[in-house]
Amino acid sequence: MGKFFKILLFISIGCSLVTTPLYAEGTVNTNVKVIYASTDSNHVDAGLKNDVSELKSVFRYTSYRLINSQALRQQFNQQGQVQLPGNRSLMVTPTSMQGKRIRYQINIQKGSKSIFQTQVLLKNNDSITIGGPQYENGVLLFNIMGSAR
Amino acid sequence: MEQRCNTFSTEQISQFIDNELEQDLADALSAHLNECERCRQIADQYQALSNAFQAHVTHQVDKIDTTALTTALNKAEHRSGQRSWKDLFGRFGQNIYLKLSFFTAILVISLVSFQANWFKTTGPSAIVQSVDTSDASVMIFETQKEKHTIIWFTETS
């Protein structure tokens, strides 16, 4: 094998190692968007255009407004809390990695009462939408995106 | 003044020497040369000239060294038989930076493609492992295009 190929092989291995995702010991960036969906108008907030294109394929709502957006930088098993309208709060906790997915414990409370709990395996750099709570003339949607490093 | 023979022309005698004359005519001229002194002299002159020319050509050809040419031809034949990386590099000349750029470009493209395809997780955006609710009904579904997971719950109280 020529010297040139040896150098090339070394560079290839180096680049592969650098670019391979490493999740161990990392932090998780969780982005929570609280969206108010209704049929009041045909308005879609500019920051929601990407998310809404998918939601529109399954929901009949025509208006999507961003009520709150919160970025959480979390360690594993560190709970993050987002205040929701109607005396509700959303607790989101990344607990571990399973393959290329982040395991999240998600809890919605109304006052001090837990009304909804779920455990999901969220694809890294992807999101899940939880919806349903009635709000004003429409409903609330919670878009939770997780990104582990 | 020497008398001239008109039986055969000088051109025909020259063709006879070069074996380019038709057989019946060649036979007739051959018989004529035994009888005609003048024509035989012309034929001898042509023969001498032809011999001298042939000797000169042979000498010149012998002076050509064909070894180098044969070696080059053999090498070319061998190369066409097996195309190697060296041939590919040859297209880039001797510029090492050009070669390095070429390989770096291929490497980057390969890595980007590898990252995009092999590290891409398939399936829905989220797998719901458990749902626990006391006062709500729950529905789980996903969008058709992006397989975006949606959990829908309706509070009953």
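Quick notes
- Filtering the range A:128-142 to residues that are over 16 Å from A:Pro94 (Cβ atoms), open to solvent by less than 10 Å² (accessible area, probe 1.4 Å) and in contact (Cβ under 8 Å) with a residue 24 or more places away in the chain leaves A:Thr129, A:Gly131, A:Pro133, A:Gly138, A:Val139, A:Leu140, A:Leu141.
- Residue match in the range A:101-114 (condition: in contact with a helix residue (DSSP H, G or I) (Cβ under 8 Å, 6 or more places away or on another chain), part of a strand (DSSP E or B), within 9 Å of another protein chain (Cβ to nearest Cβ) and closer than 13 Å to A:Asn31 by Cα): no
- Boolean, A:Asn125 is under 16 Å from A:Asn31 (Cβ atoms), within 12 Å of chain B (Cβ to nearest Cβ) and free of Cβ contacts under 8 Å to residues at least 12 places away in the same chain: no
- Tally, over the range B:124-140, of residues that are over 60 Å from the mean Cα position of the chain (by Cα) and either without any contact (Cβ under 8 Å) to a residue 12 or more places away in the chain or within 7 Å of chain A (Cβ to nearest Cβ) (or both): 9
- Between A:Val92, A:Val120, the distinction of being of a type in the set (A, V, I, L, M), in contact with a strand residue (DSSP E or B) (Cβ under 6 Å, 6 or more places away or on another chain), facing chain B (nearest Cβ under 8 Å) and open to solvent by less than 60 Å² (accessible area, probe 1.4 Å) belongs to A:Val120 only.
- If the condition is being loosely packed, with under 15 Cβ neighbours inside 10 Å and within 18 Å of B:Thr143 (Cα to Cα), then the range A:29-57 contributes A:Lys49, A:Asn50, A:Ser53, A:Ser57.
- Residues located in the range A:70-79, provided they are closer than 26 Å to A:Ala46 by Cα and surrounded by 15 or more Cβ atoms within 10 Å (Cβ to Cβ): A:Gln70, A:Leu72
- Pairs, first more than 30 Å from A:Arg149 (Cβ to Cβ) and charged (D, E, K, R) in the range A:58-79, second open to solvent by less than 80 Å² (accessible area, probe 1.4 Å) and not in a strand (DSSP E or B), C-beta under 9 Å, six or more apart: A:Arg60/A:Thr39; A:Arg65/A:His43; A:Arg65/A:Asp45; A:Arg65/A:Leu48
- The numbered conditions (1) at the interface with another protein chain (Cβ under 10 Å from one of its Cβ atoms); (2) farther than 14 Å from A:Lys33 by Cα; (3) at pLDDT below 90 are all true for A:Asp51 except (2).
- A single entry from A:Gln134, A:Gln83 fulfils the requirement of being modelled with pLDDT under 90 and either within 8 Å of chain B (Cβ to nearest Cβ) or under 23 Å from A:Thr27 (Cα atoms) (or both): A:Gln134.
The values are calculated or read from the model by the stated rules, or taken from the named source; none is laboratory data. Source: prediction; values computed, not measured. Virtual Cβ from ideal backbone geometry, glycine too; neighbours counted across all protein chains shown. Protein only, heavy atoms only, side chains kept; ligands, DNA and RNA dropped before computing areas. Shrake-Rupley method; radii C 1.70, N 1.55, O 1.52, S 1.80 Å.
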